[in-house]
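The values are calculated or read from the model by the stated rules, or taken from the named source; none is laboratory data. From a predicted model like this one, the values you see are computed outputs, not experimental measurements. Note that we place each Cβ from the backbone using ideal geometry, even for glycine, and neighbour counts take in every protein chain shown.
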Amino acid sequence: DAKTTQPPSMDCAEGRAANLPCNHSTISGNEYVYWYRQIHSQGPQYIIHGLKNNETNEMASLIITEDRKSSTLILPHATLRDTAVYYCIVRVEFQGNNNDMRFGAGTRLTVKP
Amino acid sequence: KAGVTQTPRYLIKTRGQQVTLSCSPISGHRSVSWYQQTPGQGLQFLFEYFSETQRNKGNFPGRFSGRQFSNSRSEMNVSTLELGDSALYLCASSSGTGRRETQYFGPGTRLLVL
């Protein structure tokens with residue numbers, strides 16, 4: 001799986017958009033970009049994933065650059081409850097007998113009032 | 001659809017004891033993966049079970065074991081507990097077949113070894 005680089009921490013004002021970057025310069029053509037978040041002491045929560053097209057769901061938008069070497073997770077209107085550690089993971093969608101998720105250190109997002 | 005459930009949520013044990021944790025996956029999911037999370041090491045993969053067989057294994061000692069039942073529920077066991085086994089243990093379920101393969105995590109079991 002390709003490695004990812006994320007800033008260790010970010011702040012965002014409540015009600016504003018939170019833009020979380022992720023670099024994955026060694027991504028392969030069949031690898032997806034996954035985003036999870038973990039609110040303190042809870043299990044990681046799946047947010048979104050994509051291959052090359054931008055994706056949007058009820059939680060967030062995922063913008064992947066044309067060369068696929070970086071992506072941005074966008075929380076359009078951050079709330080205090082979005083304070084969490086956000087993980088960017090790059091992997092093929094299914095790996096058969098090697099199907100684990102490789103979590104890095106993530107970005108600690110703090111939403112401030 | 002109910003999410004992934006784990007029991008118990010909290011557990012206190014002493015060194016040398018053993019512990020069994022339980023995970024019920026999302027209905028229809030056949031793959032259950034287990035992870036250990038500690039402040040120092042982050043989230044680390046323990047093993048994955050699919051159709052009652054261990055399909056994938058992380059780099060943990062043999063004291064950590066698991067099994068999966070025919071209804072896809074899974075248990076993990078840690079024998080001869082050490083202080084360093086104190087952690088949040090997470091399980092995640094997925095279809096396991098490569099179709100819409102996304103892992104969904106449970107709330108975790110927090111184990112404290114004294």
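Here's the yes/no breakdown for (1) of a type in the set (Ser, Thr, Tyr); (2) touching a residue at least 60 places away in the same chain (Cβ under 8 Å):
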| position | (1), (2) |
| --- | --- |
| A:22 | no, yes |
| A:51 | no, no |
| A:54 | no, no |
| A:58 | no, no |
| A:68 | no, no |
| A:79 | yes, yes |
| A:110 | yes, yes |
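In the range B:77-88, the condition of being touching a Phe, Trp or Tyr at 6+ places or on another chain (Cβ under 8 Å), within 14 Å of another protein chain (Cβ to nearest Cβ) and not charged (D, E, K, R) is met by no residue. Scanning the range B:36-54 for residues that are surrounded by 15 or more Cβ atoms within 10 Å (Cβ to Cβ), touching an Asp or Glu at 6+ places or on another chain (Cβ under 7 Å) and either at negative phi or in a strand (DSSP E or B) (or both) turns up at least one hit. Could you figure out which of (1) within 14 Å of chain A (Cβ to nearest Cβ); (2) under 14 Å from the mean Cα position of the chain (by Cα); (3) farther than 21 Å from residue B:24 by Cβ isn't true of residue B:66? With (1) within 14 Å of chain A (Cβ to nearest Cβ); (2) under 14 Å from the mean Cα position of the chain (by Cα); (3) farther than 21 Å from residue B:24 by Cβ applied to residue B:66, the lone miss is (3). With respect to the conditions (1) over 14 Å from the mean Cα position of the chain (by Cα); (2) buried (at least 16 other Cβ atoms within 10 Å of the Cβ); (3) farther than 20 Å from residue A:36 by Cα; (4) of a type outside the set (Val, Ile, Thr), residue B:76 falls short on a single one, namely (1).
Taking the conditions exactly as written (surrounded by 19 or more Cβ atoms within 10 Å (Cβ to Cβ) and away from every other protein chain (no Cβ under 11 Å)), does residue B:19 satisfy them or not?
no
Checking the structure you have, find out if any residue of the range B:81-90 is closer than 16 Å to residue A:100 by Cα, at pLDDT 95 or above and not acidic (Asp, Glu). Yes, that holds for at least one residue. Residues in the range B:47-66 that are modelled with pLDDT of 95 or more and in contact with a Phe, Trp or Tyr (Cβ under 6 Å, 6 or more places away or on another chain): how many? Counting residues in the range B:47-66 that are modelled with pLDDT of 95 or more and in contact with a Phe, Trp or Tyr (Cβ under 6 Å, 6 or more places away or on another chain) gives 1.
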